[in-house]
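So the structure is just underneath, and the comments pick up after that.
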Ligand code: ADP
Ligand code: ZN
């Protein structure tokens, strides 16, 4: 019914010229609202969905920069439904196409995917449906689109819109560069009259510039919203016993919930997931070295079941769109803030509270620096990479708001966590800040007095007055700085050191023996002209207090028990249909049902995420549970 209701508006749009540029804005607005409510079951648009939709339907291009979970899909799906002809969605990850198609199909939209992993019979069926003009939205990998002759062949299906998902893959600066993406400019040359919409969740200014260039767009086409994800809480812990810290984090804050744990190596992935399983967590591994069947199985398990923890290398996740990932944990420092916001951004796509937890140690920084020193890349690239490692270290060690620190990397001057945000650890007031100028001066002078060529461990030995063989051999037990640092233990000094490094006051000589030297900027601290604010190492303190997970979702005990029953029912449906649970209803929809407890079908229709089709199929079933 929903789709019919807009037939009138749609024919009005079809009668315009093929670019759609003379369609009255009012008509577009009306059509898009009807689709939003009847097909997708949402009340109102989010910023800047409506503007983007109006622009694209009227035949103009757009590049949409919105954070993960912001609602980019509707920006092309609704125009795809309104515009005459076929909408082609280019997306890089074959494994995810089917999930998107499933989700659209459940909402009553004629969607399909074409890719190399399908069996020939399925592929033939899709071609037949394409020829009969039945399909509205078609998902493709870029390599298929660029196959010889495919672009010409498309003409017979009357393309009405091209959507380029994960558009940052166009840029070499981006972290997921794909050569085929760079050739997507061919679309514009082949079909100059057909609008193109690009979408991405991570783009620093340089990447944006590249996307605009390849897609032949201008800044006029750009729609960007703040990259801030107010539903994500950012937490950082210094590495002590990382696995135990992880287990505690999961048990205390995310028992029974879905999450991703990123590790730096395949071996660590295997070890960590085995260990977590032994500790009673439902964990599965995922990395590029595993058999692809096993990988697919684990990915599907994660998508389709509740409460699975995937332990993975960064090979896992591009385009993972499971909405109810409640946490993303990193056991090793990510490569750059870009990587981090992409990886951590996979948490909480449904807009409900989720946590991004990062455990890091100095060895991570050393390893990254070492790898960079050995990498055979040109000096300009090296500079960029060095800058990214520094920025990551600064994120880990900062005493300012983590949210603010991340946003700044994307050129955004945001605000620190507010009351409506999931408050980060630094803003929560649990971090103790002290004037650490004297500590900094002690460490800086010890580095200076020992000649700026010894490693960190040795300098700390000198400060602590440890008469090691090396200390006596170099006569460092006679220095004025010998034994002046007993107010801190070794871990304490490591922390001071990391904080000095994160502000660029000391550097490590990787060509030699990891000797530490001073940066000219440290002079003002040494002279006492600059206060060095120091964050007390949280390792010394007890970890954050426990929280009840259902409380995190904002549910009281009654509601939480209803939520669980609704979730079970959803799982049953999704198992019968062999689709991921969230294609039935998102967690956020179930939360709303648990709180509002609709008593009739028309009340049920008012719940966010309950569109006409889903109401018909499943409304009564969920209603029965609520009213029983
Ligand atoms: P993105 O692709 O930007 O990461 P999605 O398009 O997957 O995000 O949308 C994220 C979530 O927000 C989905 O659950 C989607 O159904 C929901 N959503 C999108 N637009 C709206 C809206 N206008 N009102 C309510 N929910 C919305
Ligand atoms: Zn904050």
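The values are calculated or read from the model by the stated rules, or taken from the named source; none is laboratory data. Being a predicted model, the structure only gives us computed values, none of them experimental. Don't worry about glycine lacking a Cβ; one is built from the backbone with ideal geometry, like all the others, and counts go over all protein chains shown.
A quick yes/no check of all residues on (1) within 16 Å of ligand 2 (Cβ to nearest atom); (2) within 20 Å of the chain's Cα centre (by Cα); (3) buried (at least 21 other Cβ atoms within 10 Å of the Cβ); (4) free of Cβ contacts under 8 Å to residues at least 24 places away in the same chain:
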| residue | (1), (2), (3), (4) |
| --- | --- |
| 26 | no, no, no, yes |
| 53 | no, no, yes, no |
| 62 | no, no, yes, no |
| 69 | no, yes, yes, no |
| 80 | no, no, yes, no |
| 84 | no, no, no, no |
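Test each condition in (1) buried (at least 21 other Cβ atoms within 10 Å of the Cβ); (2) under 16 Å from residue 343 (Cα atoms) for residue 215 and report the one that comes out false.
Unmet condition: (2).
In region 72-92, what residues are assigned to a helix (DSSP H, G or I) and within 11 Å of ligand 1 (Cβ to nearest atom)? Quick ask: steps written out before the conclusion?
Keep residues of region 72-92 that are assigned to a helix (DSSP H, G or I), which gives 72-82.
Answer for region 72-92, where residues must be assigned to a helix (DSSP H, G or I) and within 11 Å of ligand 1 (Cβ to nearest atom): 72, 73, 74, 75, 76, 77, 78.
Sort out for me the helices (runs of 4 or more DSSP H) sitting completely within region 432-530 that have 2 or more residues that are in contact (Cβ under 8 Å) with a residue 40 or more places away in the chain and within 34 Å of the chain's Cα centre (by Cα). Spell out how you get there, then give the answer.
Values: elements: 437-449, 456-464, 469-473, 490-502, 523-526.
Where helices (runs of 4 or more DSSP H) fall fully within region 432-530 and carry at least 2 residues being in contact (Cβ under 8 Å) with a residue 40 or more places away in the chain and within 34 Å of the chain's Cα centre (by Cα), they are 490-502.
Against the conditions (1) assigned to a helix (DSSP H, G or I); (2) within 16 Å of ligand 1 (Cβ to nearest atom); (3) modelled with pLDDT under 90, where does residue 69 fall short? Just the number, please.
(1)
Do we have residue 370 as out of contact with any helix residue (DSSP H, G or I) (no Cβ under 8 Å at 6 or more places or on another chain), surrounded by fewer than 20 Cβ atoms within 10 Å (Cβ to Cβ), outside any strand (DSSP E or B) and in contact (Cβ under 8 Å) with a residue 60 or more places away in the chain here? Working first, answer last.
Working: out of contact with any helix residue (DSSP H, G or I) (no Cβ under 8 Å at 6 or more places or on another chain): yes; surrounded by fewer than 20 Cβ atoms within 10 Å (Cβ to Cβ): yes; outside any strand (DSSP E or B): yes; in contact (Cβ under 8 Å) with a residue 60 or more places away in the chain: yes.
Yes; evaluated as a whole, the condition is true for this residue.
Quickly run through region 405-417 and pick out the residues that are near ligand 2 (Cβ under 10 Å from one of its atoms) and exposed (fewer than 13 other Cβ atoms within 10 Å of the Cβ).
Hit for region 405-417 is 415, nothing else.
Considering only region 31-51, how many residues are buried (at least 23 other Cβ atoms within 10 Å of the Cβ) and more than 13 Å from ligand 1 (Cβ to nearest atom)?
1
Could you figure out which of (1) under 12 Å from the mean Cα position of the chain (by Cα); (2) more than 16 Å from ligand 2 (Cβ to nearest atom); (3) at pLDDT 85 or above isn't true of residue 391?
(1)
Pull up region 393-404, narrow it to residues that are under 13 Å from residue 337 (Cβ atoms) and in contact (Cβ under 8 Å) with a residue 60 or more places away in the chain, then point me to the one that is nearest to ligand 1 (Cβ to nearest atom).
Here is the first cut: in region 393-404, the ones under 13 Å from residue 337 (Cβ atoms) are 393-396, 398, 402-404.
Keeping just the survivors that are in contact (Cβ under 8 Å) with a residue 60 or more places away in the chain gives 393-396, 398, 402-403.
Numbers: 393: 28, 394: 27, 395: 22, 396: 26, 398: 27, 402: 21, 403: 18 Å.
Result: 403.
Does region 226-270 hold any residues that are surrounded by fewer than 22 Cβ atoms within 10 Å (Cβ to Cβ), touching a helix residue (DSSP H, G or I) at 6+ places or on another chain (Cβ under 9 Å) and under 21 Å from residue 300 (Cα atoms), and which are they?
255, 256, 257, listed by residue number.
Taking residue 438, is it more than 30 Å from residue 233 (Cα to Cα), exposed (fewer than 15 other Cβ atoms within 10 Å of the Cβ) and away from ligand 2 (no atom under 16 Å from the Cβ)?
On the way: more than 30 Å from residue 233 (Cα to Cα): yes; exposed (fewer than 15 other Cβ atoms within 10 Å of the Cβ): yes; away from ligand 2 (no atom under 16 Å from the Cβ): yes.
Considered against the rule, which asks whether it is more than 30 Å from residue 233 (Cα to Cα), exposed (fewer than 15 other Cβ atoms within 10 Å of the Cβ) and away from ligand 2 (no atom under 16 Å from the Cβ), residue 438 comes out as yes.
Report yes if residue 199 is more than 16 Å from ligand 2 (Cβ to nearest atom) and at pLDDT below 95, otherwise no.
no
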